[in-house]
Every structure is written in structure tokens, then in C-alpha cells.
Amino acid sequence: MRKKIMLPDGIITGNLGIGTWYMGDSSSAHKEEIECIRYAIDNGVNLIDTAEMYGNGNSEYLVGEAIKGHDRDSLFIVSKVLPSNAGRNRIFQSCENTLKRLGTDYLDMYLLHWRGIVPLDETIECMEELKASGKIKRWGVSNMDIDDMFEITHAAKGDQCQVNQVLYHLGSRGIEYSLKPFTDSRNIPTMAYCPLAQGGRLKDKLLRSKSVAKISEKYGISPIQVLLCFTLSQENMISIPKASKLKHMKENIQCLDIKLDEEDMKLLNSEFPAPNRKIPLDIE
């Protein structure tokens, strides 16, 4: 479903991006992973999410190689700083190291990967300095629950927070109870990582469910594509699935042309309802 998402600073982006968690670690997969990213860019998906933590920088190196030759201004590159590096004594060097690995002069978005012991006020202040220096265009956060987001949005310059990246998929809808309504009320988009769910029994349950099977048959798509279509159907949300295989990347992009209707959503909600109480934030 081709939607445009507006960030608080007015920048418009698509609602599908490229996740790169666990990419860049395997020499045998390297060529196809590069092909996946380039295929996505060539087909209008320009948001690429990475982090200094992923493979100790290997993911950033991979992204840097994949974007060579592309118009940098047409891309939207997101990376994340570890909480241990998010203080004044380390964040500027961390950002510089990330830029070197990516082979670029700036990040379109820099995220605090999760909350650590560094005060949020300090990290925000440093993010604003990175903005002023041109190293980053904007900043946001990741894995923040509602109490964290309340603190961030009420801090000095906290209104500059552009996104909260959290785990979200059909089988993990905890953010719908209070976190997403809170960030939506402040026009802060949610960036959904693992929108296809991680492997294991929960993913198995999702892919074998009656509602997913029925929608899969209705549109002639795979059950995994139904999971992605579910997140793409959400308002004010960007989904960043990973695809290390070209076949999977093509399937992800095909989902942009599928719109789940009200009947589909009711069916999925009946089997996998949103929570009716506050539950802890899921992190995988």
C-alpha cells in the first residue's frame, strides 16, 4: 500500500524501508544482499535502516557499498548509536565512524538505539549539535516505551524527535494500547522493525493461522506478505523488513500494491486482537 509518511519536520518518506539487521556478516550472502538493496532503491524504496551495532559495523559497510553510484540526495539513510556511546564523550566519534563506514557525509536520521545510563537530556543536546554541524539531518529514538517518550517530548528540544522505532507485527501489537496513540498525537511516526516477526513458534502460528491463510488466498500472495501488508496498512507507520534474498525483496515491494480492506482487518483482528491493557514493550 503506497502511503507517504510525514515526519514532524515536514519531510515526506515512503512507508516501506529496508532493514539490515544481520546483513553484512556472511561473505557468501554478500553479493545477493547488495543486489537486494540496489533492487529496492531502483524500485522506489529509498529508506535504509542500519546501526553501528549490526555486525559491529559490517551492516553499515554493506549499505555503504550498496549505495555507491546512487544519488545520495535521493536516499534516506538511518543509523543508530549504542546507548553506551550516546553521551558527549563518545557520540560524536561514533557518528563519524558510522559516516566513514557508510561512505557518506551525513545521515538523514540518527537514532538512539535504546535507553541506557546516559541521561536523555544529554543525548538530545548532542543530537542537536550533530544537526547544527550538518552530520545528521534529524534524530529519533528506538525501543522507547510511553514513559520514555513522555520524558523525551517534554525535554528541551525533545520536540525535535522525529520517530520511534519499535518491534511491531501482527502477533506483537502492544504499542497500540498507549504508546502509538501517544506518539501519533504528537505526529511522531512509528518505525516498525521485525514486521514479519522473528522466527520461532509465534511466527509459525502467524503463518499457519486461518485468517492469514484466507487473506493469502484472496490476494494470491504468500502468508509472509500478508504480515507485511498488515503493517503497511497502519497509519503513521514505516515498516522496515529485512530481505537478504532478492526473491524476498521483490515480494516485499509487491506488497506496496496490495491494500487490505476493512473485512481483511476485521478478520486479522478477530484472531490476533490488539491488547486491552498496557503490556511491556517487546524487544527482539
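Of note:
- For residue 197, the conditions (1) crowded, with 17+ Cβ neighbours inside 10 Å; (2) modelled with pLDDT of 95 or more are fulfilled apart from (2).
- Qualifying position, being among the charged types (D, E, K, R) and at pLDDT 95 or above, among 278, 259: 278
- The one condition in (1) of a type in the set (Val, Ile, Thr); (2) out of contact with any His (no Cβ under 9 Å at 6 or more places or on another chain); (3) open to solvent by 10 Å² or more (accessible area, probe 1.4 Å) that residue 224 fails to fulfil: (2)
- One residue alone among 51, 66, 40 is at pLDDT 95 or above, open to solvent by less than 20 Å² (accessible area, probe 1.4 Å) and over 18 Å from the mean Cα position of the chain (by Cα), and that residue is 66.
- Being modelled with pLDDT under 95, open to solvent by 70 Å² or more (accessible area, probe 1.4 Å), more than 22 Å from residue 4 (Cα to Cα) and part of a loop (DSSP other than H, G, I, E, B) is true of residue 283.
- Considering segment 33-136, the qualifying strands (runs of 3 or more DSSP E), each wholly inside and each with 1 or more residues that are of a type in the set (Gly, Ala, Ser), run over 76-81.
- Scanning segment 125-147 for residues being small (Gly, Ala, Ser) and within 16 Å of residue 158 (Cβ to Cβ) gives a total of 2.
- Test: residue in segment 36-48 that is within 29 Å of residue 152 (Cα to Cα), touching a residue at least 12 places away in the same chain (Cβ under 8 Å), in contact with a helix residue (DSSP H, G or I) (Cβ under 7 Å, 6 or more places away or on another chain) and not polar (S, T, N, Q): yes
- The set of residues in segment 129-165 that are under 17 Å from residue 89 (Cβ atoms), of a type outside the set (Lys, Arg) and surrounded by fewer than 20 Cβ atoms within 10 Å (Cβ to Cβ) comprises 129, 133.
- Count of residues meeting criterion [within 10 Å of residue 124 (Cβ to Cβ) and touching a Leu at 6+ places or on another chain (Cβ under 7 Å)] in segment 152-165: 2
- Some residue of segment 76-90 being farther than 18 Å from residue 53 by Cα, surrounded by 15 or more Cβ atoms within 10 Å (Cβ to Cβ) and under 21 Å from the mean Cα position of the chain (by Cα): yes
- Leading residue by the ranking (farthest from residue 35 (Cα to Cα)) among those in segment 257-281 that are touching a residue at least 60 places away in the same chain (Cβ under 8 Å) and touching a Cys at 6+ places or on another chain (Cβ under 9 Å): 260
The values are calculated or read from the model by the stated rules, or taken from the named source; none is laboratory data. A quick note: this is a predicted structure, and the numbers were derived from the prediction, not measured. Counting neighbours? That spans all protein chains shown, and the Cβs are built from the backbone with ideal geometry, glycine included. These accessible areas exclude ligands, DNA and RNA; they are computed on the full protein's heavy atoms, side chains included. Shrake-Rupley method; radii C 1.70, N 1.55, O 1.52, S 1.80 Å.
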